Amino acid sequence: QTGITEDAHRTWELDRKHVFHSWSAQDSINPMVVTAAQGSYLWAGEGKKYLDFSSQLVNTNIGHQHPAVVAAIAAQATTLCTIAPSYANAARSEAARLIAERTPGELDRIFFTNGGADANEHAVRMARLHTGKHKVLSAYRSYHGGTQLAINMTGDPRRWPSDNASTGTVHFFPPYLYRTAFHATTEEEECQRALEHLDQLIALEGPATIAALILESIPGTAGIQVPPPGYLQGVRELCTKYGIVFIADEVMAGFGRTGKWFAVDHFDVVPDLLTFAKGVNSGYVPLGGVAISPAIAATFGSRVYPGGLTYSGHPLATAAAVATINAMEDEGIVGHAATLGESVIGPALRGFAERHRSVGEVRGTGVFWAIELVKDRQTREPLAPYGGSSPEMGQIVAAAKEKGLITFTNLNRIHVVPPCNISVEDASLGLGILDDVLAIADALIA
Ligand code: PLP
């Protein structure tokens with residue numbers, strides 16, 4: 001790399017020599033060296049400041065280096081850095097209380113994991129043991145994590161290299177009106193037909209074989225397709241009718257991202273299990289978990305739950321969660337995310353959709369939005385093929401970066417997912433850069 005300090009260059013060289021990166025061909029990557037981060041900003045090795053519209057992997061919900069959370073981690077480190085899960089610990093107990101008080105319904109028991117994938121793995125294990133059944137239904141265009149079962153439940157191209165039918169996973173089509181699988185022309189039709197499809201799929205797979213259905217309440221990486229009114233209620237009813245455990249994956253959508261504590265809160269739906277990670281402590285220390293219904297918790301009242309982790313409810317991670325949730329509450333961060341979506345991001349994105357012919361659709365809520373880019377608005381041909389990227393998308397990401405904006409992109413989409421507490425000024429700054437970048441995209445498809 002050129003133009004970076006000697007220290008940063010050494011970091012980069014050691015990385016290239018010794019670090020094996022996720023989801024990458026190792027020879028073709030060129031990681032940006034980050035030397036500092038604060039709030040919604042990052043500083044790179046060459047000293048350049050970037051506005052982070054990605055919240056990293058959509059996890060820094062309260063931005064970088066929040067002083068209350070940093071202080072809580074430091075304080076916890078001075079008293080007790082680690083303790084086995086079999087002991088009770090103040091940070092873990094308090095984090096469990098704060099989470100249980102915010103999860104919907106009576107999801108009041110919390111099993112802590114290290115992240116989202118293992119939260120989903122454990123949720124399915126609980127569902128299988130609770131129901132005595134095996135199969136798991138999950139949606140196409142979803143992501144549930146990188147471990148064996150979680151990647152098989154995933155409905156995006158990252159599943160293909162690890163596909164393994166023995167995991168008992170079956171996929172269904174969720175609602176997605178812009179690219180409807182049901183020839184629908186309205187949200188109502190899409191909702192009704194998606195539910196009919198799911199009902200049929202359950203009948204043909206055999207309700208007596210299905211333990212669980214896992215669904216991102218609002219899909220994240222797969223494209224932020226906010227479900228139409230009635231869809232999640234319909235899924236809840238089908239699960240109840242057929243004795244299927246409904247798992248809401250809130251790993252990306254939870255903890256304020258959608259303008260409510262959890263995305264299911266938009267739809268008044270209570271799942272049987274709710275999985276979380278990322279925003280629970282903004283990712284300052286790895287943490288995830290499962291919020292468990294009384295009925296499923298009762299299954300493991302006198303029967304042993306056959307699962308655990310060395311770091312379940314790790315003190316540093318749960319102390320960070322306590323401080324994060326308290327800061328979100330004290331600073332009104334969830335309400336701020338809702339307002340940003342309604343008054344700043346939503347209106348700006350709808351303006352982009354009117355002005356930029358490369359924009360096929362915009363959708364989202366809170367600080368959880370996607371801009372779907374197309375080559376042609378009539379045919380809706382995506383700017384990158386399903387399962388791949390394209391030179392155009394590469395140029396768009398590079399143009400944003402050149403202008404000081406870090407974006408979260410997937411296939412043919414740019415996601416607008418800044419921290420939930422980004423200021424209106426910074427949000428507007430980033431949106432202004434995106435406006436310029438979309439003008440470049442328009443020219444690319446001219
Ligand atoms: N579920 C969803 C919806 C996610 O977005 C992710 C990660 O992006 C995961 C699960 C997996 O979480 P982790 O990477 O912490 O294992």
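Does any residue of the range 112-120 turn out to be under 30 Å from ILE333 (Cα atoms) and aliphatic (A, V, I, L, M)? Checked the range 112-120: at least one residue is under 30 Å from ILE333 (Cα atoms) and aliphatic (A, V, I, L, M). Among the residues making up the range 111-134, those that are away from the ligand (no atom under 14 Å from the Cβ) and surrounded by fewer than 24 Cβ atoms within 10 Å (Cβ to Cβ) are ARG125, ARG128, LEU129, HIS130, THR131, GLY132, LYS133, HIS134. Can ALA90 be described as modelled with pLDDT of 95 or more and either farther than 27 Å from THR310 by Cβ or within 13 Å of the ligand (Cβ to nearest atom) (or both)? Considered against the rule, which asks whether it is modelled with pLDDT of 95 or more and either farther than 27 Å from THR310 by Cβ or within 13 Å of the ligand (Cβ to nearest atom) (or both), ALA90 comes out as no.
Of the residues LEU349, LEU405, which is farther than 23 Å from PRO219 by Cβ, buried (at least 17 other Cβ atoms within 10 Å of the Cβ), touching a strand residue (DSSP E or B) at 6+ places or on another chain (Cβ under 6 Å) and modelled with pLDDT of 95 or more?
It is LEU405.
Among the residues making up the range 409-427, those that are over 25 Å from ARG141 (Cβ atoms) and among the charged types (D, E, K, R) are GLU425, ASP426. Comparison of PRO315, PRO271, PRO294 shows that the only residue that is touching a Leu at 6+ places or on another chain (Cβ under 6 Å) and away from the ligand (no atom under 13 Å from the Cβ) is PRO315. Candidates in the range 135-162 are the residues that are farther than 22 Å from HIS197 by Cβ and assigned to a loop (DSSP other than H, G, I, E, B); of these, the one that is nearest to the ligand (Cβ to nearest atom) is GLY145.
With VAL334, VAL322, VAL304 as the choices, which residue is out of contact with any Ser or Thr (no Cβ under 6 Å at 6 or more places or on another chain) and without any contact (Cβ under 8 Å) to a residue 60 or more places away in the chain? Among VAL334, VAL322, VAL304, only VAL304 is out of contact with any Ser or Thr (no Cβ under 6 Å at 6 or more places or on another chain) and without any contact (Cβ under 8 Å) to a residue 60 or more places away in the chain. The condition (being over 23 Å from SER423 (Cβ atoms), in contact (Cβ under 8 Å) with a residue 60 or more places away in the chain and out of contact with any Phe, Trp or Tyr (no Cβ under 6 Å at 6 or more places or on another chain)) is satisfied by just one residue among ILE29, ILE83: ILE83.
The values are calculated or read from the model by the stated rules, or taken from the named source; none is laboratory data. This is a predicted model, so every value here is computed, not measured. Using ideal geometry, Cβ is built from the backbone for each residue, glycine included, and neighbour counts are taken over all protein chains shown.
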